[in-house]
Structure formats: C-alpha cells, structure tokens
Amino acid sequence: MDVSLAPSSVAGDARAPPSKSYTHRALLAAGYSAGAEVRDALVSADTRATMRAVEAFGGTVERDGGTVEVAGFDGRPAIPDDVVDCANSGTTMRLVTGCAALGDGLTVLTGDDSLRSRPHGPLLDAIAQLNGRAESTRSNGQAPLVVGGHVEGGGVSIPGDVSSQFITALLMAGAVTDDGIEIELETELKSAPYVDITVELLAEFGVTVDRTDEGFAVEGGQSYDPADGTYHVPGDFSSMSYLLAAGAVAGDEGVTVHGARPSAQGDSAIVDVLERMGAAIEWDRDGGVIDVSRSPLAGVEVDVGDTPDLLPTIATLGAVADGDTHIVNCEHVRYKETDRVSAMAEELSKLGASVTEEHDTLTIHGDDTDLVGARVDGRHDHRIVMSLAVAGLVATGTTTVAGAEHVDVSFPGFFDVLEGLGASVERHRE
C-alpha cells in the first residue's frame, strides 16, 4: 500500500498504542509462567509472532482485543512441532532464542528476508558458552538458527554494543535455569534502557535481576508470577514520537497525546529532544498527557546510543529545524529492519533535505533544506514509513510513501490517527 500526504495542519487528541517492547517481553514472560493475563497489549504483526512462538513452545494464547490470556509452559518449553517463523520481528527471534536453548531437543527459528540478514552471532556464542547448541545454518550468525541443548545456566561473556536484546534473552531464560546466568559485558552496553525495561518487567513478574560490576546476574529456579496474575502494558514512546513530532512541525492549534505515563522506556527522551529544539511541549507525568504545538525548531546534537529507534524521528525534525542537527553514536542503528541511517539519509534527500552521512553520524543541514513532496520508499520498515509521513505534513506538494502497510508492525492505526488529527491522507491499495 502507498500513502500520499499533502501539507496539513494537525490538531486534537490522540493516543499512542501500547508499547511494543513491553508487549513482547510480557507475552514471553507469561509463556514462562504457569499462566498470566497481559492487558493493554499491542496486537501487531511483530507481537503476533511472539504469540505464535509462545504457542510453539507449548503455551496457549487467547486474545480478546488488547487482553491476552496465556496458559504458559511454566519454565519448561516444549520442542516445537515445526519451524518457528518469527516473520519480520527481530525482538521475537532474539528473545525466543534464549527460550529455545532450554529445550531438550532442537528448535529451528527463521523469518523473512530482512530478519534473515540481521546479526545473532553474539547470542549464539553465549549459548555455546553455556554448553547449549546454537548454530546459524549458513554459518554467518544469521537465521535460520538451530538452537537447543537444555542449558542449565552458568557464566557468559558477550559484547554489549550489538543488541541489548541478547542480554534480555539471557536474563529471561536464565531465571528458570537450574543455576542462573551471570553476564559479563565485553563492551559498553548500547540501548541500555531496553535492558532497564526488561529488569522492570521481570520484577513485575516476580523475577529478580542483579546488576554487577561486570554486567548482570539472574538467579536460577525463579518463577514467573505477576501480582494477581495480571500485567498491564504501558503506552509506547517510540510510537508516540511520531505524533509528538507531527505536533511540533504541523500542530498550529496543538496536539494532545495520551498514554504517556513514565516508565523505563528510553524513547521518552523524545520529550527532552523536542524541548532542546525549542518545541512548545508540556508533559503531565502524573496524568500521562503530553501537549505539543508548532514552534520554530533549532538543530541540536543528539546521541542515540541508548535510543536507536528515535533516529528516524529526529532526522525528520532536523529537516524542518533551522541549523544543523547532528545524530551521533548511531552505527548500531544500521542493524535494524533496514540500515536506518542510510535509509533516512537517502529518503530525506529525495524530499530535498541536505544530509551528510558518516559511519556513526547523520547530520541534517536544516538551513540548506526545503522539503518538497516526492515519492519515497518506506524500506519495509515501520519507523521509516512513519517518519517520512511526518515529513510529508510540511513538504510542499504531495509526498507518497511506498510500503506504508508496514506500520502494522508497531502502530497499525497510525494513518487513521494522523487523519483523525486533520492530516490529508490518501491510501492507494493494489
């Protein structure tokens, strides 16, 4: 599906969807339990992949809207009857790789073309250190993966600068091993707030994680058991970033975003980024409400080492702001659904942005940019699609985003919400 956007003013109230990061973890945590209810879950292409994985390991999943009832496998995953297809969800594959390592037999994990190009080598090496079996069928660290070996725990050494999801996978699985798992980080941990999310969620499920001088440790023999058997998923700041950006660049009468209660989500940093750029923005943390309206923006420097998913949003804001916006420490953002650094550089350039791309830095030269509508490619990546759509609100003429259906990964109703705020949105279905 292609979506065309014309210059628009947006205003009104909107609600971001539930957090994708928390939903993935909550669904798998419920799978590790004897049974739990996950409320306010995000139901999207990615999280459905995690639901299927929980069922493949012997759990059952029943969904009524955003409420998901899970009868778990109580820390003892079965060997799946078939290959586990993680589709486009890297989070699913990495988290359930840890689960598969607990099995007495072997699990085969695969996904679509994009997912089969993403790196998993450090996690496979970590499982091997625990005397498990973890192999890439092509011997390149990429899926398809073959994983098993009935891991019982132990110590691992793993780099922290490839993916925080490797750490999450080991912590979640380690809690139900006999001996627990101690993780020594070989390098600085990138995307650290995502591990904070994991630690916070595990505590809600009754699982304790310790931070050590070397990294993390989780004791074995723990049980997943949330209070009252229920876990509530918070709103998603990654998805919220596009609504806040839309308000900052096109909200002449202001946009109010609901569901913004504080949590461990690093992407709540978008509020600080917008404040530093000069946006008129106020966050009622107790009420979980953010008000933002259009303001003159100025370029800033933003380190996305801990917030890689914000890069596309910040790049779009930089194309509207005066001066230069420097996005630094972004090399790891190249290993997402697509190389998001190059993708934003190339697609914003099609819209008339002046961009300088370096290996670990993306600079948008706002003073040399006049956004003009064009046909751009969403690169099969939900975050690229939504960021380019925000740019389309202020580009002269019509902007057409190809592959817009990929918003289903994290924010299925994104274009409906944008249209409800007054944006000119036209869908072109094949």
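Report the net charge of residues surrounding LEU421, where surrounding means a beta-carbon distance below 11 angstrom and charges are Lys +1, Arg +1, Asp -1, Glu -1. Spell out each step's value before the answer.
Working: positive: none; negative: ASP13, GLU253, ASP416, GLU419.
Overall, the nearby charge balance is -4.
So what's the projected area for the chain, the Cα convex hull averaged over all directions, in nm²?
It is 18.6 nm².
Around VAL70, under 14 Å between beta carbons, what's the net of Lys plus Arg minus Asp minus Glu among the other residues?
Working: positive: ARG25, ARG39, ARG48, ARG52, ARG63; negative: GLU37, GLU55, GLU62, ASP64, GLU69, ASP74, ASP225.
Here the count lands on -2.
Return a whole-number percent for the relative contact order of region 246-347, with Cα pairs under 8 Å and 6 or more residues apart as the contact set.
Relative contact order here is 25 percent.
Could you sort 248-261, 148-161 so that the peptide with the highest average Cβ count within 10 Å comes first and the rest follow in order?
By packing density, highest mean first, the sequence is 248-261, 148-161.
What lysines sit close enough to LYS20 to cross-link, taking a C-alpha to C-alpha distance under 23 Å and skipping anything fewer than 8 places away on the same chain?
Correct list for LYS20: LYS190, LYS336.
Among 165-177, 279-291, how do they line up by average Cβ neighbours within 10 Å per residue, starting with the highest?
Values: 165-177: 26.4, 279-291: 16.4.
Descending packing order for the listed peptides: 165-177, 279-291.
Where the centre of each part is set by its Cα atoms, how far does region 290-329 sit from region 103-121, in angstrom?
Measuring centre to centre over Cα atoms gives 34 Å.
Viscosity 1.306 mPa s, temperature 10 °C: give me the Stokes-Einstein translational D for region 20-232 in µm²/s, with Rh taken as the Kirkwood radius over C-alpha pairs.
On the way: Rh = 16.5 Å.
Roughly 96 µm²/s, to the nearest whole number.
What distance in nm lies between label points placed 7 Å from Cα along the C-beta direction at GLU188 and ASP360?
My value for the distance between the label points is 0.8 nm.
Within region 372-388, whose backbone N sits under 18 Å from a point 7 Å along Cα→Cβ of ASP2?
The answer is 372-381, 385-386, 388, whose backbone nitrogens lie closer than 18 Å to the label point.
What's the extension gain from ASP179 to HIS258 if we count 0.36 nm per residue and subtract their Cα-Cα distance? Spell out each step's value before the answer.
Working: separation 79, 0.36 × 79 = 28.44 nm, distance 4.27 nm.
That works out to 24.2 nm of additional length.
For ASP125, put the label point 7 Å out on the Cα→Cβ axis and report which residues of region 89-118 keep their amide N under 18 Å from it.
Counting only backbone N, you get 94, 98, 118.
Order of 58-66, 374-382, 346-354 by packing, highest average Cβ count within 10 Å first? Write out the running numbers ahead of the final one.
Numbers: 58-66: 14.4, 374-382: 22.0, 346-354: 20.0.
So the peptides 58-66, 374-382, 346-354, ranked by packing, come out 374-382, 346-354, 58-66.
For GLY235, what residues show an amide H to amide H distance below 5 Å, using hydrogens built from the backbone and excluding near sequence neighbours?
Result for GLY235 returns SER19, ARG261.
For region 362-378 and region 148-193, write down the distance between their C-alpha centroids in whole Å.
Cα centres, region 362-378 to region 148-193: 40 Å.
Quick one: check the C-alpha center-to-center distance for region 1-65 versus region 250-267, whole angstrom.
Their Cα centres are 19 Å away from one another.
Using a cut-off of 12 Å between beta-carbons, work out the net charge of the residues near GLY132 (Lys and Arg +1, Asp and Glu -1, GLY132 not included). Walk me through the numbers on the way to the answer.
Values: positive: ARG133; negative: ASP104, ASP125, GLU135, GLU152.
Around GLY132, the surrounding residues sum to -3.
Just want to confirm a number: the relative contact order over region 141-198, from Cα pairs under 8 angstrom separated by 6+ residues, in percent.
Values: 68 pairs, mean separation 25.3, N = 58.
Rounded, it is 44 percent for region 141-198.
Relative contact order, percent, of the chain when contacts are C-alpha pairs under 8 Å separated by at least 6 residues? Don't skip to the end; give the middle numbers.
Details: 1131 pairs, mean separation 83.2, N = 430.
Reported relative contact order: 19 percent.
Compute, for the chain, the length of the dipole vector about the Cα centre, with Cβ point charges of +1 (Lys, Arg) and -1 (Asp, Glu) only. Units Debye, rounded to 20.
Working: 28 positive and 70 negative charges, 176 e Å.
Roughly 840 debye, rounded to the nearest 20.
None of the figures in this text is laboratory data; all of them are computed from the coordinates on show. Here the structure is a predicted model, which means the values were calculated and not measured. Every residue, glycine among them, receives a Cβ derived from its backbone with ideal geometry; neighbour counts consider all protein chains shown.
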